[in-house]
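Just so you know, all these numbers are worked out from the coordinates, no wet-lab data involved. Since this is a predicted model, take the numbers as computed values, not measurements. All Cβ positions, even for glycine, are placed from backbone atoms using ideal geometry, and neighbour counts span all protein chains on display.
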Amino acid sequence: MLIATDLAARGIDVPEIAFIIHYEMPPKAHEFIHRNGRTARMHSKGTAYILWHKNDLLPDFVQDPVVENIKPAPKPKSSGWETVYILGGKRDQISKGDIAGLFMKQGQLSKEELGTIEIKQDCAYAAVQAHKVEKLIALVNNSKLKKKKIRVSVL
């Protein structure tokens, strides 16, 4: 997914773009054409969608639109996982193994209750079974990991 301003309407070539969604219409026809052109690069096909309220008027440069009514989608079911934020990362020489060890030993998680861990420069994220998050945070927040006191919170 690429979310962009009008600056991206010209000069980029991303061949995998299959559709454009206009949530706000450009004021001029040539800007509309260039935005839509992102979907049809070099013998490709694509579709441009316009999110528009039925009581609003479309600009004159939109010719013969095909109208699709959007129906409300059911709310997705919970995955059963929560993401926890760890204040400490690569800069602090913290690894995935360090976090997994802390969460499994001090946090009392089993390996099935701990999901993906992603380390960034100054923080980390970990997937934890939702029913274990509160207990985990109570057990590991403000713990020391690699000589750094880390803070753990739920996103």
Check: Label points 7 Å out from Cα along the Cβ direction at Ala73 and Lys96: separation in nm?
Finding: 2.8
Checklist line | Separation of the Phe19 and Glu112 label points, Cα + 7 Å toward Cβ, nm | finding: 3.9
Checklist line | Pairwise FRET efficiency - Leu155 versus Ser44, Cβ, R0 = 30 Å, nearest 0.05 | finding: 0.25
Next item on the list: Would you please give the residues with an amide H less than 5 Å from that of Ser143, counting only those at least 5 places away or on a separate chain, with H modeled from the backbone geometry?
Entry: Ile150
Check: Out of every Cα-Cα pair in the stretch 32-155, what percent are more than 21 Å apart?
Finding: 57
Check: What residue among Val140, Val128, Val14 has the largest mean-square fluctuation in a Gaussian network model of the chain, using Cα springs under 10 Å?
Finding: Val14
Checklist line | Pair-distance profile P(r), taking every C-alpha pair of the stretch 23-84, with 5 angstrom steps and integer % | finding: 3, 11, 19, 18, 13, 10, 10, 9, 6, 1
Next item on the list: Calculate, in nm to one decimal, what His30 and Lys105 gain on full extension: separation in residues at 0.36 nm each, minus their alpha carbon distance.
Entry: 20.9 nm
Checklist line | Modelled FRET efficiency - R0 30 Å, Gln121 with Leu51, Cβ distances, 0.05 increments | finding: 0.25
Item checked: Overall dimensions of the stretch 81-154 by Cα: Rg and Dmax, Å -> 10.7, 30
Item checked: Sites Ile3 and Gln63, calculated FRET efficiency, Cβ-Cβ separation with R0 25 Å, nearest 0.05 -> 0.40
Notebook entry, point to check: Given Lys111/Lys146; Lys75/Lys146; Lys90/Lys135; Lys54/Lys77; Lys77/Lys144; Lys54/Lys75, which pairs have Cα atoms separated by over 32 Å?
Noted result: Lys75/Lys146; Lys77/Lys144
